[in-house]
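The values are calculated or read from the model by the stated rules, or taken from the named source; none is laboratory data. Worth saying up front: this structure is predicted, and the values here are computed from it rather than measured. In this analysis, Cβ positions are derived from the backbone assuming ideal geometry, glycine residues included, and neighbour counts consider all displayed protein chains.
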Amino acid sequence: MKKIPDTELIEKCVQGNRKAQHCLFDAYKEKVYGFVFKTLGTGFDTDDVVQQIFINVFKSLKVFKGNASLDTWVYRIGSKVCTDQLRKKYRKRQIAVVGQEYSEYENSLPDNTTPLSRLENNELHEVLTEAMNLLSIEKRMVLVLYEMEDKNVEDIACIMNIPVGTVKSRLFHGRNDLKKHLKRYIGG
């Protein structure tokens, strides 16, 4: 199937073309889902957050100016929604339900994973999630975008609407904070 150029796709979506809207959703659903899961972890309903992101994307398509790529713009909206979700969580100090935490992560592991490696992966995931939860929202977002989503500092600056220097600073300090939190697990 021929890929529709972003400008044409956006125009058709704004006009209410359902096929174009499905095309846009299909093009970004896996990226957005992965980004949300990596950013928020297991204490959130990932499907609900992804849905909220796409609602915001479709509502605001008519104001998309094309100054950044559509990809960067979708990540910007995703970043804002995830940041709002994290702020709500920290305000409410919600406690994640034990047992529910790893089901989504475990389902993503290959079927041929041995019980021992599954246990080790779960422990590693738990430790990393705990360490990421200790970071500020801003540092966490930059780390996820850079380390897990393979975005460069310029794209992150555009996504988060902050200067490149601020991205570099948050990346540096976020990594250092993460190392401190993981010190007992990585030796030294």
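Taking (1) surrounded by fewer than 19 Cβ atoms within 10 Å (Cβ to Cβ); (2) modelled with pLDDT of 90 or more; (3) over 22 Å from the mean Cα position of the chain (by Cα) in turn, CYS13 satisfies each apart from (1). Within segment 148-168, take every residue that is surrounded by fewer than 15 Cβ atoms within 10 Å (Cβ to Cβ) and in a helix (DSSP H, G or I) and give me the one that is modelled with the lowest pLDDT. It comes out as MET148.
Is it the case, given these coordinates, that PHE54 is in a helix (DSSP H, G or I) and buried (at least 17 other Cβ atoms within 10 Å of the Cβ)? Write out each step before concluding.
Details: in a helix (DSSP H, G or I): yes; buried (at least 17 other Cβ atoms within 10 Å of the Cβ): yes.
Yes, satisfied.
Of everything in segment 77-94 that is surrounded by fewer than 17 Cβ atoms within 10 Å (Cβ to Cβ), over 30 Å from CYS13 (Cα atoms) and not aromatic (Phe, Trp, Tyr), the residue that is modelled with the highest pLDDT is ARG87.
Examine segment 26-43 for a residue that is farther than 23 Å from MET141 by Cα and modelled with pLDDT of 85 or more, and state whether such a residue exists.
Keep residues of segment 26-43 that are farther than 23 Å from MET141 by Cα, which gives 26.
Okay, now just the ones that are also modelled with pLDDT of 85 or more, so 26.
Checking segment 26-43: at least one residue is farther than 23 Å from MET141 by Cα and modelled with pLDDT of 85 or more.
Across segment 30-64, what is the number of residues that are farther than 17 Å from ASP84 by Cβ and either in contact (Cβ under 8 Å) with a residue 24 or more places away in the chain or of a type in the set (Asp, Glu) (or both)?
First, pick out the residues of segment 30-64 that are farther than 17 Å from ASP84 by Cβ: 30-31, 33-34, 42, 58, 61-64.
Next cut, either in contact (Cβ under 8 Å) with a residue 24 or more places away in the chain or of a type in the set (Asp, Glu) (or both) only: 30-31, 34, 42, 58, 61-62, 64.
The qualifying residues number 8.
Report yes if ILE10 is touching a residue at least 24 places away in the same chain (Cβ under 8 Å) and farther than 20 Å from ARG87 by Cβ, otherwise no. Considered against the rule, which asks whether it is touching a residue at least 24 places away in the same chain (Cβ under 8 Å) and farther than 20 Å from ARG87 by Cβ, ILE10 comes out as yes. Within segment 31-38, can one find any residue that is touching a Leu at 6+ places or on another chain (Cβ under 8 Å), surrounded by 14 or more Cβ atoms within 10 Å (Cβ to Cβ) and hydroxyl-bearing (Ser, Thr, Tyr)? Looking through segment 31-38, none of the residues is touching a Leu at 6+ places or on another chain (Cβ under 8 Å), surrounded by 14 or more Cβ atoms within 10 Å (Cβ to Cβ) and hydroxyl-bearing (Ser, Thr, Tyr).
This table checks each residue for (1) modelled with pLDDT of 90 or more; (2) touching an Asp or Glu at 6+ places or on another chain (Cβ under 6 Å); (3) not in a loop (DSSP other than H, G, I, E, B).
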{"site": "ALA68", "(1), (2), (3)": "no, no, no"}
{"site": "THR72", "(1), (2), (3)": "yes, yes, yes"}
{"site": "TYR75", "(1), (2), (3)": "yes, no, yes"}
{"site": "ALA96", "(1), (2), (3)": "no, no, no"}
{"site": "ASN112", "(1), (2), (3)": "no, no, no"}
{"site": "SER117", "(1), (2), (3)": "no, no, yes"}
{"site": "LEU124", "(1), (2), (3)": "no, no, yes"}
{"site": "THR129", "(1), (2), (3)": "no, no, yes"}
{"site": "ASN133", "(1), (2), (3)": "no, no, yes"}
